[in-house]
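Worksheet: the structure to be examined is printed underneath.
The values are calculated or read from the model by the stated rules, or taken from the named source; none is laboratory data. Predicted model only: the values in this text are computed from it and were never measured. Every residue, glycine among them, receives a Cβ derived from its backbone with ideal geometry; neighbour counts consider all protein chains shown. Each accessible area value is taken on the protein alone, full model and side chains, heavy atoms only, with ligands, DNA and RNA left out. Shrake-Rupley method; radii C 1.70, N 1.55, O 1.52, S 1.80 Å.
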Amino acid sequence: MKTPSEARAASGGKNAWVLAVTSGKGGVGKTFVSANLAAGLAKRGHRVLVLDADLGLANLDVVLNLFPKITLHDVFTGKAQLEEAILVAPGGFSVLLAGSGLVEYSRLTPEVRDKFQAVLATLVPRYDYVVLDTGAGISDVVLYAVSLADEVLVVATPEPTSMTDAYATIKVLATQQRRRTLRLVVNQVAKPGDGKIIAQQLQNVVDRFVSTPQGESVRLSLLGDIPSDPSVREAVQRRQLLLESLPGSAAARAIQAVAARVDTPDERG
């Protein structure tokens, strides 16, 4: 079965660009970034789908205030067709939601791997962007989902534990998947410019201790930082997209800027 990159090459570049959004630890706003980034890309005129790739602890449905009757679990088990599980989310993009608390998907079995790849292969010809909202950490399920992406966006915060776990994730992706370029979004910064400081700190450590198996250096590309903004908490508590409910807020403007950079070919490695 073809990877997204191979499928795109065979189709003359008409398949979706697959972006995995991941993080070293939970609680850094990864799903919040995934959903609002998708809304930002949709506002730029693109066909976008967010695939809930956190197969064991999915919560994209909570962020979007959706109550799916059919999920990815039903597709995997043959109880429903893929088209039945795709929903239109607020913000003008599509979502494919996973069921929460599915222990059978917390491990990467050959069956899970094959079904996940088959679903993704069916989706990529239909969209301009497919955003994989992965689980946190470096479990085999997370790493497999990330391996299918053309590009990886790591979400971190300025907290030391988040930076340490982001570094661990970057190291694993460089050594196991030979990722030479990784995108970075720093969430919950205290003031503008903090993201550049965090990115440079991470880059300094990566330069010292990380390289691909071929000895190639690894570059972190900062797509932007998102300020600590009361509007974010308000939107999350309301189970609304920030870009829909408070589009003029500082955090919403920052996410729109990230979407613009994602949508710039020169930004892609």
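Phi angles of segment 16-29 translate, via the Karplus equation with coefficients 6.51, -1.76, 1.60 and θ = phi - 60°, into HN-Hα couplings of 5, 7, 9, 10, 8, 9, 9, 7, x, 9, x, x, 9, x Hz per residue; Gly and Pro are given as x. Distant-in-sequence amide contacts of residue 137, defined by a placed amide H-H separation under 5 Å and a gap of 5 or more residues or a different chain, comprise 23, 24, 25.
So which helices of the chain fit the span-like rule, where a helix is a whole DSSP H run, its Cα atoms reach 15 Å or more along the axis, and its mean Kyte-Doolittle is at least 0.5?
Values: long enough: 30-43 (20 Å, 0.61); 110-123 (20 Å, 0.09); 160-177 (25 Å, -0.06); 194-209 (23 Å, -0.25); 250-262 (18 Å, 1.00).
Span-like helices, by this rule, are 30-43, 250-262.
Taking a 26 Å limit on the Cα-Cα distance, which of the listed pairs 115/171; 30/115; 30/79; 30/69; 43/115; 25/79 fall beyond it? Pairs exceeding the cut-off: 115/171; 30/79; 43/115; 25/79.
Working with all protein chains in place, sort 208, 126, 178, 44 by solvent-accessible area computed with a 1.4 Å probe, largest first. Present the calculation step by step, with values, prior to reporting the outcome.
On the way: 208 180, 126 85, 178 145, 44 115 Å².
Putting 208, 126, 178, 44 in descending order of accessible area: 208, 178, 44, 126.
Of the beta bridges in the chain, as assigned by DSSP with both residues counted there, near 10 percent are antiparallel. With the biggest extent put first, the Cα atoms of segment 153-241 measure 47, 24, 21 Å across the principal axes.
Using only alpha-carbon positions, what ratio does the radius of gyration of segment 68-141 give when scaled by 2.2 N^0.38 Å?
Against the compact-globule rule of thumb, the ratio is 1.11.
Less than 5 angstrom separates the built amide H of residue 221 from those of 182, 183, 184, all sequence-distant by 5 or more or on a different chain.
Under 5 Å between amide hydrogens, built in the peptide plane, is the criterion, and for residue 98 it picks out 52, 72 among residues at least 5 positions away or on other chains.
In a simple Cβ point-charge model (Lys, Arg +1; Asp, Glu -1; nothing else charged), segment 158-202 has a dipole of about 320 debye relative to its Cα centre.
The ratio of the alpha-carbon radius of gyration of the chain to the globular-protein estimate 2.2 N^0.38 Å is 0.94.
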